[in-house]
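Have a look at the structure below, then the notes.
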Amino acid sequence: MRVSPALQRAAAVVVAGTALLAGLSGSAQANPGHDLRHPIDSGCAADAITARSAALYADGARIGTIQLRYSPSCRSVWTRVYSDGPRVDGSTHRNETSTYSGHCYGTLWDSALGQYYCYTPMLDDAGYTSFGEGIASNRANTRTSVWGVTGSY
(Lines give C-alpha, C1' and ligand atoms only; values in the text may rest on other atoms or scores of the structure.)
Protein backbone atom coordinates (compact mmCIF):
# COMPACT_ATOMS: atom_id res chain seq x y z
CA MET A 1 0.00 0.00 0.00
CA ARG A 2 1.38 3.37 -0.99
CA VAL A 3 0.94 6.34 1.44
CA SER A 4 0.66 9.83 0.00
CA PRO A 5 3.54 12.27 0.69
CA ALA A 6 1.11 14.67 2.41
CA LEU A 7 0.02 11.94 4.84
CA GLN A 8 3.67 10.98 5.48
CA ARG A 9 4.53 14.61 6.31
CA ALA A 10 1.51 14.95 8.59
CA ALA A 11 2.46 11.76 10.44
CA ALA A 12 6.06 12.99 10.80
CA VAL A 13 4.84 16.28 12.27
CA VAL A 14 2.64 14.44 14.78
CA VAL A 15 5.48 12.10 15.82
CA ALA A 16 7.96 14.99 16.12
CA GLY A 17 5.50 17.08 18.13
CA THR A 18 4.74 14.21 20.48
CA ALA A 19 8.46 13.52 20.98
CA LEU A 20 9.12 17.18 21.66
CA LEU A 21 6.35 17.36 24.25
CA ALA A 22 7.50 14.14 25.90
CA GLY A 23 11.06 15.42 26.04
CA LEU A 24 10.05 18.72 27.61
CA SER A 25 7.59 17.46 30.17
CA GLY A 26 9.13 17.50 33.61
CA SER A 27 12.37 19.11 32.51
CA ALA A 28 11.44 22.57 33.76
CA GLN A 29 9.30 21.53 36.69
CA ALA A 30 9.84 19.18 39.57
CA ASN A 31 8.27 15.74 39.50
CA PRO A 32 6.00 15.69 42.55
CA GLY A 33 6.47 11.91 42.65
CA HIS A 34 9.66 12.40 44.70
CA ASP A 35 8.26 14.92 47.19
CA LEU A 36 8.43 13.54 50.72
CA ARG A 37 9.87 10.18 49.61
CA HIS A 38 12.63 8.40 51.49
CA PRO A 39 16.04 9.05 49.86
CA ILE A 40 17.49 5.62 50.65
CA ASP A 41 14.42 3.45 50.04
CA SER A 42 13.78 5.23 46.73
CA GLY A 43 17.35 4.61 45.52
CA CYS A 44 18.00 8.34 45.12
CA ALA A 45 20.80 8.34 47.70
CA ALA A 46 22.92 6.09 45.47
CA ASP A 47 24.20 8.96 43.28
CA ALA A 48 23.80 11.79 45.78
CA ILE A 49 26.31 14.58 46.21
CA THR A 50 26.63 17.13 48.99
CA ALA A 51 25.61 20.30 47.15
CA ARG A 52 25.92 22.65 50.13
CA SER A 53 27.03 22.32 53.74
CA ALA A 54 27.39 24.42 56.86
CA ALA A 55 28.99 23.88 60.25
CA LEU A 56 27.01 23.95 63.49
CA TYR A 57 28.56 25.51 66.60
CA ALA A 58 27.78 25.73 70.32
CA ASP A 59 29.83 28.04 72.53
CA GLY A 60 32.40 28.42 69.75
CA ALA A 61 33.00 24.68 69.32
CA ARG A 62 31.99 22.87 66.15
CA ILE A 63 29.51 20.16 67.11
CA GLY A 64 27.87 19.25 63.83
CA THR A 65 27.35 19.74 60.11
CA ILE A 66 24.31 20.31 57.90
CA GLN A 67 24.45 18.90 54.39
CA LEU A 68 22.05 19.62 51.55
CA ARG A 69 22.15 16.40 49.52
CA TYR A 70 21.23 16.30 45.81
CA SER A 71 20.47 13.31 43.59
CA PRO A 72 21.05 14.06 39.88
CA SER A 73 19.09 10.99 38.75
CA CYS A 74 16.05 11.87 40.88
CA ARG A 75 16.52 15.65 40.66
CA SER A 76 15.68 15.81 44.37
CA VAL A 77 17.21 17.23 47.54
CA TRP A 78 17.14 16.39 51.23
CA THR A 79 18.99 17.45 54.34
CA ARG A 80 21.37 15.31 56.35
CA VAL A 81 22.64 16.58 59.73
CA TYR A 82 25.57 15.19 61.73
CA SER A 83 25.90 15.86 65.46
CA ASP A 84 28.42 15.02 68.17
CA GLY A 85 25.51 14.43 70.56
CA PRO A 86 22.12 12.71 70.31
CA ARG A 87 20.08 15.89 69.78
CA VAL A 88 19.96 16.25 66.00
CA ASP A 89 17.23 17.40 63.64
CA GLY A 90 16.82 18.96 60.24
CA SER A 91 14.42 19.99 57.48
CA THR A 92 14.54 20.92 53.79
CA HIS A 93 12.82 23.92 52.18
CA ARG A 94 12.04 24.73 48.54
CA ASN A 95 12.53 28.49 48.00
CA GLU A 96 10.08 29.20 45.19
CA THR A 97 7.07 27.38 46.64
CA SER A 98 7.81 27.50 50.38
CA THR A 99 7.44 23.71 50.43
CA TYR A 100 8.76 22.08 53.60
CA SER A 101 9.95 18.47 53.95
CA GLY A 102 9.11 17.98 57.58
CA HIS A 103 11.69 16.95 60.17
CA CYS A 104 14.21 14.09 60.13
CA TYR A 105 13.00 10.49 60.20
CA GLY A 106 14.87 9.73 63.44
CA THR A 107 18.32 9.69 64.96
CA LEU A 108 20.89 7.19 63.67
CA TRP A 109 24.49 6.42 64.67
CA ASP A 110 27.46 6.44 62.27
CA SER A 111 30.10 4.34 64.01
CA ALA A 112 32.77 5.18 61.40
CA LEU A 113 32.41 8.91 62.12
CA GLY A 114 31.47 8.57 65.78
CA GLN A 115 28.52 10.92 65.27
CA TYR A 116 24.78 10.84 65.35
CA TYR A 117 22.93 11.83 62.18
CA CYS A 118 19.53 12.16 60.64
CA TYR A 119 18.06 12.91 57.24
CA THR A 120 14.80 14.33 55.97
CA PRO A 121 12.33 13.27 53.31
CA MET A 122 13.17 14.49 49.81
CA LEU A 123 11.84 17.45 47.86
CA ASP A 124 11.87 17.56 44.07
CA ASP A 125 14.37 20.15 42.93
CA ALA A 126 13.99 20.26 39.14
CA GLY A 127 13.63 23.93 38.22
CA TYR A 128 13.78 25.06 41.85
CA THR A 129 16.33 25.97 44.51
CA SER A 130 16.28 24.59 48.02
CA PHE A 131 18.16 24.85 51.31
CA GLY A 132 18.61 22.72 54.40
CA GLU A 133 18.54 23.63 58.06
CA GLY A 134 19.55 21.73 61.14
CA ILE A 135 20.46 21.64 64.80
CA ALA A 136 23.04 19.58 66.72
CA SER A 137 24.21 18.99 70.29
CA ASN A 138 27.54 18.41 72.01
CA ARG A 139 28.60 14.91 73.18
CA ALA A 140 27.38 15.51 76.72
CA ASN A 141 24.05 16.72 75.27
CA THR A 142 24.30 19.81 77.49
CA ARG A 143 24.61 22.40 74.68
CA THR A 144 22.85 22.73 71.34
CA SER A 145 23.58 24.86 68.35
CA VAL A 146 21.16 27.41 67.01
CA TRP A 147 19.35 26.26 63.87
CA GLY A 148 21.89 26.60 61.07
CA VAL A 149 21.17 26.94 57.35
CA THR A 150 22.99 25.81 54.20
CA GLY A 151 23.20 27.94 51.12
CA SER A 152 20.62 27.37 48.40
CA TYR A 153 21.20 24.97 45.55
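What to note about this one:
- Percent carbon-and-sulfur accessible area, region 38-124, ignoring ligands, DNA and RNA, probe 1.4 Å: 48
- R0 of 35 Å, Cβ-Cβ distance residue 36-residue 146: FRET efficiency to nearest 0.05: 0.85
- Over region 40-114: Kirkwood hydrodynamic radius from C-alpha pairwise inverse distances, Å: 13.6
- Dipole magnitude for region 33-98: computed about the Cα centre from +1 point charges on Lys and Arg Cβ and -1 point charges on Asp and Glu Cβ, it is near 100 debye.
- Accessible surface, region 63-111, averaged per residue in Å² (probe 1.4 Å): 39
The values are calculated or read from the model by the stated rules, or taken from the named source; none is laboratory data. Not measured: the values here are computed from a predicted model. With ideal geometry, Cβ positions are generated from the backbone for all residues, glycine too; neighbour counts draw on all protein chains shown. Accessible surface areas use protein heavy atoms only, side chains included; no ligands, DNA or RNA. Shrake-Rupley method; radii C 1.70, N 1.55, O 1.52, S 1.80 Å.
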